[in-house]
1. Along Cα→Cβ, 7 Å out, is where each label goes; now give me the distance between the ones at L43 and D131 in nm to one decimal.
2. Extension gain I92-D35, at 0.36 nm per residue separation less the Cα-Cα distance, in nm?
3. For the range 89-145, compute the orientation-averaged projected area of the C-alpha convex hull (one quarter of its surface), in nm².
4. Please list log₁₀ I(q)/I(0) at q = 0.12, 0.14, 0.15 Å⁻¹ for the chain, using the Debye equation with identical point scatterers on the alpha-carbon positions.
5. Where does the chain land at 222 nm, in deg cm²/dmol rounded to the nearest 500, when only DSSP H runs of n ≥ 4 count, each adding -39500 (n - 2.57), divided by all residues?
6. Cut-off under 24 Å on the C-alpha distance; same-chain residues fewer than 8 positions from K171 excluded. Which lysines are left, in chain and number order?
7. Semi-axes of the equivalent ellipsoid for the range 92-182, please: Cα gyration tensor eigenvalues, times 5, square-rooted, ordered largest first, whole Å.
8. Using a Förster distance of 45 angstrom, determine the FRET efficiency expected from the C-beta separation of E182 and K106, and round it to 0.05.
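Taken together, the values in this text are just the output of simple stated rules run on the coordinates, not laboratory data. None of these values were measured; they are calculated from a predicted model. Positions of Cβ are backbone-derived with ideal geometry, glycine not excepted, and every protein chain shown enters the neighbour counts.
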Amino acid sequence: MAATIITPETKGHDESTLDSGKGTMERELEKHARDTDPTQAQLFKMQTRLPKEGRAAALLGATDRMWVNLKAYAEGGENTLHAHANEDHTFIILQGQASFFGSEGKIATLGRNEGILLPRGVAYHFHAEEDGEPLVILRMGCVVDASKPVWDRKGSDGGHISGSSAENKSKPTVFYEDKIYE
C-alpha cells in the first residue's frame, strides 16, 4: 500500500493553550504519537498557514526520537534566552530573516536557505527581522538521551520555561485568511 502525502495542520496559540505548561510542538507530538506508526515512512508537504500576529507550527513528521516541523512568525520569535537540555536541533530559514543570539550576544542574522545547528545545552533566542514577510523556519530536532525527558527547556535562570508561556512572550495567534507558505 502506497503512503499518502499529508498536508499538516498549522497550529497557533489561543487563550486555552497560553501558559498551559506545554508548547505547541509538545502537544502535537503527543497527538502524532497516538495517530501514527513511527516505524513507517511518513510523507509530507511543506506547507503552513502564515500568522499576521504571533507564531505558528505545523508538524511534518516524527518518530519517538526525531521530529520535523515548520514554524512561522509574524514578528518577534523565541524572544527568551533558553536551552534544550536533551535535544539537538537545527533551524533552516525558508522565508524571511532571523537574528540568532546566544548568551554572549548576537551569533548571526540568517536568510533564505541558511541555518544553524544548536547542540543540547546551548542557550539561544532569535527574532524575526522585519522585512515585510513572515519568517518561516524548518526546524528539526532529536532527543539525545531517550531515558530523560525531552521537554527540559531551561530559561536563563536555569528553571523550566514552557514554549507557550507569557515568560516566552507567547500570545494568541491570528492567521491571514489567504496566505500560506508552500
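1. A separation of 3.3 nm, rounded to one decimal place.
2. Gain on stretching I92 to D35: 17.8 nm.
3. 3.8
4. -0.53, -0.74, -0.87
5. Calculated at 222 nm, the ellipticity per residue is -2000 deg cm²/dmol.
6. Once the sequence-local lysines are set aside, what remains near K171 is K11, K22, K31, K52, K71, K154, K179.
7. 24, 17, 15
8. After rounding to 0.05, the efficiency reads 0.90.
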